[in-house]
1. How would you order 165-178, 232-245 from highest to lowest mean count of nearby Cβ atoms within 10 Å?
2. Treating the beta-carbon of each Lys and Arg as +1 and of each Asp and Glu as -1, no other charges, what is the dipole magnitude of the stretch 12-124 about its Cα centre, to the nearest 20 debye?
3. Students often get this wrong, so check it: of K115/K237; K237/K272; K237/K266, which have C-alpha atoms separated by over 23 Å?
4. Let me know the shape class of the stretch 38-161, please: from the alpha-carbon gyration tensor, a ≥ b ≥ c as square roots of the eigenvalues, rounded when a/c is under 1.5, otherwise prolate if a/b is greater than b/c, or oblate.
5. Project the alpha carbons of the stretch 121-219 onto their principal axes and report the range along each, largest first, in whole Å.
6. Which shape class, rounded, prolate or oblate, goes with the stretch 118-175 when its Cα gyration tensor gives a ≥ b ≥ c as root eigenvalues, a/c under 1.5 marks rounded, and past that a/b bigger than b/c marks prolate?
7. Excluding same-chain residues fewer than 8 positions from K112, which lysines have a Cα within less than 24 Å of its Cα?
8. Can you give me the C-alpha center-to-center distance between the stretch 193-239 and the stretch 91-155, rounded to a whole angstrom?
Amino acid sequence: RPRVLSGIQPTSGSFHLGNYLGAVRQWVAQQETHDAFYMVVDLHALTVVQDAEALRANARIAAAQLLAAGLDPERCTVFIQSHVPEHAQLAWVLNCLTGFGEASRMTQFKDKSVKQGADRTTVGLFTYPVLMAADILLYRSDAVPVGGDQRQHLELTRVLAERFNARYGETFTVPDAFIVPETARITDLQDPSVKMSKSASTPKGIVNLLDEPRSSAKKIRSAVTDTDTVIRYDEEKKPGISNLLTIYASLADTTVAELEQRYEGKGYGALKTDLADVLLDWVTPFRDRTREYLDDPGTLNSILAQGAEKARAVAAETLALVYERVGFLTAK
Ligand code: AQP
């Protein structure tokens with residue numbers, strides 16, 4: 001079976017619809033077809049200021065959401081990044097292989113550092129893509145299911161894998177990004193020109209999966225559209241409606257073309273009301289399942305401990321090989 005790996009940050013407590021449709025939904029599908037590793041990337045979350053207790057709580061909430069979304073610990077490996085120290089260890093080696101200029105060209109870093117200002121931007125945020133490369137290469141992943149915003153980071157991962165292999169001998173698998181074009185970029189409900197995002201969206205623009213379901217449904221009903229009335233997918237001219245069609249098709253397991261047909265001659269209001277109901281039907285049991293995992297810390301802990309053990313077995317083997325290849329003395 002080919003191997004996949006991906007991760008999600010435990011930043012703000014709840015995943016949003018973009019995280020789910022862009023990434024986690026694919027993870028659930030790929031546990032059936034791949035040797036799959038999925039993790040909560042708490043090391044990455046530390047790139048911005050975190051309250052220690054909140055970070056700890058959010059890591060558990062993130063893991064519970066992954067299970068509630070359908071990840072099955074019998075079919076895939078679910079773990080917490082900081083439980084596997086090899087991530088940070090490999091990241092150091094890769095840092096020493098990454099050009100300063102190369103890292104400086106990462107657009108996500110440029111955007112975020114401009115927003116935060118130089119004094120508040122950490123070196124951790126700068127090397128974030130290198131840690132991400134370490135995450136992926138440690139497991140010799142063949143594919144990495146992510147949203148479109150991660151494309152450039154994936155490209156850097158490939159470059160670093162090839163560079164390491166050329167310098168030290170064949171060691172890493174060069175991974176492919178697995179990006180589903182339809183859901184690669186779920187946009188903000190109030191400003192469809194930007195992606196739905198934890199750090200940038202306004203409360204009305206983002207659907208958090210753990211929010212009160214009725215409030216999420218309301219956000220769908222008040223999503224920004226356009227002054228036209230025809231329900232048709234057109235990313236350029238009708239970005240708001242196109243985003244709603246994308247969300248609808250994905251949640252209801254249908255196609256945009258089928259929805260266009262179904263809503264021919266109907267108004268935006270009808271589409272929004274129905275999508276709000278579809279969202280309610282999905283998110284309500286999702287929230288309940290998340291709560292059940294959180295109310296049973298024994299089960300959650302043991303799933304994560306088992307996941308860490310399985311992940312470490314793979315990670316330790318790769319790291320040992322890397323240490324040997326780069327010329328570190330073994331401790332005997
Ligand atoms: N709007 C989106 N559309 C499609 N996919 C998305 N992803 C994030 N936003 C969208 C994908 O979700 C996965 C996990 O993302 P992350 O851990 O990077 O989460 P994050 O960065 O905390 O989420 P945001 O909202 O993207 O935060 P900001 O913008 O604040 O950094 C990834 O595979 C990602 O592509």
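1. The most tightly packed comes first, giving 232-245, 165-178.
2. So the dipole magnitude of the stretch 12-124 works out to roughly 380 debye.
3. Correct reply: K115/K237.
4. oblate
5. That works out to 56, 32, 24 Å along the principal axes.
6. Since a/c reaches 1.5 but b/c is at least a/b, the shape of the stretch 118-175 is classed as oblate.
7. Excluding near neighbours in sequence, the set is K195, K198, K204.
8. Cα centres, the stretch 193-239 to the stretch 91-155: 28 Å.
Each reported figure results from applying straightforward, stated rules to the coordinates on display, with no laboratory input. Values in this document were obtained by computation on a predicted structure and should not be read as measured data. Using ideal geometry, Cβ is built from the backbone for each residue, glycine included, and neighbour counts are taken over all protein chains shown.
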